[in-house]
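Let me begin by presenting the structure, written as structure tokens, before commenting on it.
The values are calculated or read from the model by the stated rules, or taken from the named source; none is laboratory data. Please read all numbers here as calculations on a predicted model, not as lab measurements. As a convention, Cβ positions derive from the backbone with ideal geometry for all residues, glycine included, and neighbour counts pool all protein chains shown.
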């Protein structure tokens, strides 16, 4: 589950990809808008300066001795000192023949280009005079008594208001783009959550099934997922039904095999058979052990990912009740040390077989006391259980501890037919990748430690 | 003692009947759950052996129905399935012991004897009443260290009275528990058995183990050690 929630999350992938695309698009939009705005602002400045040039031309009059412009112009900014708008007129030799009132304090040489007659230039001076400037030059020829006299009309405007306008625009533009981006990211997150909600619900449903809180997935899924969830439900149900049917079939098979065996064993008691009676009994016992062992092995479920957890204590209590009845004469004190919330992540039948066989073994061999303790196997895996079955019986001799778990080996040869219980436990434990060990109990009997 | 055997397999049913009769039990047999329920409710049964896989009414349900009808005699189940869930559910329904098929007849008889004893409050198969000892497993009677020879019917009468020690047992009850349905029943013969038992168990009339309660029946008066 951690993989689903972490690096491999669909939601996270979508969120990252969409966020990236969104940021790139908004960034490009911002750059394009910025460029467009600058170009349009530049064009507006050039046009405005050209208009001022035309106003100067309109105000200029040709008199004897040259071109004259009035002291006061109709453009108020040219008459205010350091207004940011300056103008001057030069003759063909580059001598200033007129300058606006506003430019009186701007003493330095102006970077004048002398354009061709009738040509215009528009320059951006990013440094100096005394501040960054736009400069518009216009070359004109004036007819003075039949001679064409060249003049250059120059209008300069400070770039600072323009720059401020650009800065304001940029601040406004990026401010809004960021706000929109943020809103879109939030909206995208909300949309993704809403769109992916059925997937999260499905994950929660699957977890609930794994934890045994549900039997199947909810029926109410969007059409895109309904087929998948429907198939999954069918699979779960058919697996359950199949297991159930399989167990019933094996049970029926056991019934139909063992009843004739019981008849045969009954026949073996016939005195008329004489010595052959023993042979018959032995063969029936061998057959019975083989049949029992194979049938019990056949129904071992093993660890399953969709296993419904089974509470351990009720199973152990039922088994104790059963065995207390059966072994009533021994008056055994059977202790259960199991927390109420202890669960087994596996098949209920398997748990019954493991605990039943271990407990019956203890009831059979103990003198008066046995103890079954079950806890989480913290050392190994949090879904594994550690089952310890102890008794005060004769114990299992060290050299027989391996063989007692093998198929059909019996500790007490008189208990024919009961020798497969521990072998079945060993097989179940193997099916769950667990392990079983036999030790000597501190109280003198056997101690079976099962990790499952 | 009267035992009811409910088993659908004809051969096995016949074997069980024969083996149990050989051990001195009066045996009623039923071939399915319905018949078993009728016999179990109507006959004076002391013990029942019930197969789990029965037609009509299955074994676990039969046990439940018998217990619901206040039939409190011990029940041993026979099962072909080794699974613990089935054993647990059968004992949960009210059975007292189980045996997995195929079984040894001697073991079945020993378990039935033990169930019977336990149901009457005796924990050991050797029931001792002072000098008188009854070994229910070996079906032996000892007076001091001397072995008393009894006929099968004499033993049946004595065992029934001993297992119901302290209770007044009517002649008709005794007859029902020691004779099967097909036998010719004569309660006068009982008086002969009881008289013979008194002579064999108490030759010098010092113990007086069996008391006649006039108009009601007999009572075994000795108390267990």
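Kindly indicate whether any position in the stretch B:165-181 is within 20 Å of the chain's Cα centre (by Cα), farther than 23 Å from residue B:123 by Cα and surrounded by fewer than 13 Cβ atoms within 10 Å (Cβ to Cβ). Within the stretch B:165-181, one or more residues are within 20 Å of the chain's Cα centre (by Cα), farther than 23 Å from residue B:123 by Cα and surrounded by fewer than 13 Cβ atoms within 10 Å (Cβ to Cβ). Among the residues of the stretch A:198-226, those that are within 20 Å of residue A:240 (Cα to Cα) and loosely packed, with under 14 Cβ neighbours inside 10 Å comprise A:207, A:211, A:213, A:215, A:219. Counting only helices (runs of 4 or more DSSP H) that sit completely within the stretch A:1-97, those holding 1 or more residues that are modelled with pLDDT under 85 correspond to A:2-5, A:10-59.
Set side by side, the residues A:157, A:131 differ, and just one is at pLDDT below 85 and either in a helix (DSSP H, G or I) or under 30 Å from residue A:103 (Cα atoms) (or both), which is A:131.
Condition check for residue B:78 on (1) out of contact with any strand residue (DSSP E or B) (no Cβ under 6 Å at 6 or more places or on another chain); (2) buried (at least 22 other Cβ atoms within 10 Å of the Cβ); (3) within 14 Å of chain A (Cβ to nearest Cβ): one failure, at (1).
Would you say residue B:219 is within 25 Å of residue B:21 (Cβ to Cβ) and surrounded by 14 or more Cβ atoms within 10 Å (Cβ to Cβ)? Let's see the steps before the verdict.
On the way: within 25 Å of residue B:21 (Cβ to Cβ): no; surrounded by 14 or more Cβ atoms within 10 Å (Cβ to Cβ): yes.
The answer is no for residue B:219.
Contact annotation: residue pairs with Cβ atoms under 7 Å, 6 or more positions apart or on different chains, pairing a residue in the stretch A:315-343 that is within 7 Å of chain B (Cβ to nearest Cβ) with a partner that is exposed (fewer than 15 other Cβ atoms within 10 Å of the Cβ), are A:329/B:123. Regarding residue B:88, is this residue within 14 Å of chain A (Cβ to nearest Cβ) and over 30 Å from residue B:140 (Cα atoms)? Yes: the conditions hold for residue B:88. Residues in the stretch B:182-213 that are at pLDDT 80 or above and assigned to a loop (DSSP other than H, G, I, E, B): B:202, B:203, B:204, B:205, B:206, B:208, B:209. Go through the stretch A:68-96 and report how many residues are more than 15 Å from residue A:133 (Cβ to Cβ), without any contact (Cβ under 8 Å) to a residue 60 or more places away in the chain and buried (at least 16 other Cβ atoms within 10 Å of the Cβ). The number of residues fulfilling the criteria is 3. Tallying residues that are crowded, with 18+ Cβ neighbours inside 10 Å and part of a loop (DSSP other than H, G, I, E, B) within the stretch B:142-164 yields 2.
For residue A:380, the conditions (1) under 20 Å from residue A:436 (Cα atoms); (2) away from chain B (no Cβ under 11 Å); (3) modelled with pLDDT of 80 or more all hold with the exception of (3). Residues that are more than 10 Å from every other protein chain (Cβ to nearest Cβ), surrounded by 13 or more Cβ atoms within 10 Å (Cβ to Cβ), modelled with pLDDT of 80 or more and more than 60 Å from the chain's Cα centre (by Cα) do not occur anywhere in the stretch A:244-253. Every condition in (1) within 13 Å of chain A (Cβ to nearest Cβ); (2) modelled with pLDDT of 85 or more; (3) in a loop (DSSP other than H, G, I, E, B) is met by residue B:124 except one, and the failing one is (2).
Can residue A:199 be described as assigned to a helix (DSSP H, G or I) and either in contact (Cβ under 8 Å) with a residue 24 or more places away in the chain or in contact with a helix residue (DSSP H, G or I) (Cβ under 8 Å, 6 or more places away or on another chain) (or both)? Break it down into steps so the answer makes sense when it comes.
Numbers: assigned to a helix (DSSP H, G or I): yes; either in contact (Cβ under 8 Å) with a residue 24 or more places away in the chain or in contact with a helix residue (DSSP H, G or I) (Cβ under 8 Å, 6 or more places away or on another chain) (or both): yes.
So residue A:199 passes the test.
Can you confirm whether the stretch A:262-281 contains a residue that is closer than 23 Å to residue B:82 by Cα and out of contact with any helix residue (DSSP H, G or I) (no Cβ under 8 Å at 6 or more places or on another chain)? The answer is no; no qualifying residue exists.
One residue is enough: does the stretch B:21-36 have a residue meeting the conditions under 13 Å from the mean Cα position of the chain (by Cα) and on the phi > 0 side of the Ramachandran plot? Yes, that holds for at least one residue. Mind listing whichever residues of the stretch B:64-88 are in contact (Cβ under 8 Å) with a residue 12 or more places away in the chain and closer than 30 Å to residue A:287 by Cα? Those that are in contact (Cβ under 8 Å) with a residue 12 or more places away in the chain and closer than 30 Å to residue A:287 by Cα: B:75, B:76, B:77, B:78, B:79, B:80, B:81, B:82, B:86.
The residue list B:49, B:29, B:45 contains one member that is closer than 18 Å to residue B:118 by Cα, in a strand (DSSP E or B) and either in contact with a helix residue (DSSP H, G or I) (Cβ under 8 Å, 6 or more places away or on another chain) or within 14 Å of chain A (Cβ to nearest Cβ) (or both), which is B:49.
Name the single residue that is modelled with the lowest pLDDT among those in the stretch A:305-331 being outside any helix (DSSP H, G or I) and surrounded by 14 or more Cβ atoms within 10 Å (Cβ to Cβ).
Narrowing the stretch A:305-331 to residues outside any helix (DSSP H, G or I): A:305-311, A:327, A:331.
Remaining after also requiring surrounded by 14 or more Cβ atoms within 10 Å (Cβ to Cβ): A:307-311, A:327.
Details: A:307: 67, A:308: 72, A:309: 80, A:310: 87, A:311: 90, A:327: 89.
Step by step, filter the stretch A:305-331, then rank; the result is A:307.
Out of all the residues in the stretch B:63-75, is one or more within 14 Å of chain A (Cβ to nearest Cβ), buried (at least 22 other Cβ atoms within 10 Å of the Cβ) and not in a helix (DSSP H, G or I)? For the stretch B:63-75, residues within 14 Å of chain A (Cβ to nearest Cβ), buried (at least 22 other Cβ atoms within 10 Å of the Cβ) and not in a helix (DSSP H, G or I): present. Scanning the stretch A:276-284 for residues that are within 12 Å of chain B (Cβ to nearest Cβ), within 21 Å of residue B:7 (Cα to Cα) and in a helix (DSSP H, G or I) turns up at least one hit.
Can you give me the number of residues within the stretch B:93-120 that are in a helix (DSSP H, G or I), farther than 20 Å from residue B:17 by Cβ and within 7 Å of chain A (Cβ to nearest Cβ)? Before the answer, list the steps.
As a first pass, look at the stretch B:93-120 and keep what is in a helix (DSSP H, G or I): B:93, B:105-119.
Remaining after also requiring farther than 20 Å from residue B:17 by Cβ: B:93, B:114, B:117-119.
Filter once more, keeping what is within 7 Å of chain A (Cβ to nearest Cβ): B:114, B:118.
Residues in the stretch B:93-120 being in a helix (DSSP H, G or I), farther than 20 Å from residue B:17 by Cβ and within 7 Å of chain A (Cβ to nearest Cβ): 2 in total.
Scanning the stretch B:3-25 for residues that are surrounded by fewer than 23 Cβ atoms within 10 Å (Cβ to Cβ) and within 24 Å of residue B:151 (Cβ to Cβ) yields a total of 8.
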